[in-house]
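The values are calculated or read from the model by the stated rules, or taken from the named source; none is laboratory data. Keep in mind the model is a prediction, meaning the values are calculated, not measured. Cβ coordinates were reconstructed from backbone atoms using ideal geometry, including for glycine residues, and neighbour counts include every protein chain displayed.
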Amino acid sequence: MHPAVPVVLVLLVITNLISFLMMWHDKRCARKGKWRVPEATLFIACACFGGIGGVLGMNILRHKTKHWYFKLFFPLMMVVQIVLLILGAVWLL
């Protein structure tokens, strides 16, 4: 195994956890009528290899599911990220 693999896996877990928690926090704020997380921030978190966390947050929390751009781009970013990770893993072998 390449020495970078554990580091990459830890970073992926952290970024996806952050992305999911941002969705959770935004949903919680929406329910309480408090200040919300900007949509651009949610997109940035998802784009920074937090696609799986963003998609899980959308589906588990039922958050941002009425916005077409979230329904389209979050899964798209997730698929692109998975493909990039697979290509990176193949390249490391």
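Here are a few things to note about the model shown:
- Residues located in the stretch 44-93, provided they are touching a residue at least 40 places away in the same chain (Cβ under 8 Å) and among the polar types (S, T, N, Q): none
- Within the stretch 1-24, considering residues that are at pLDDT below 95 and among the β-branched types (Val, Ile, Thr), the one surrounded by the most Cβ atoms within 10 Å (Cβ to Cβ): VAL8
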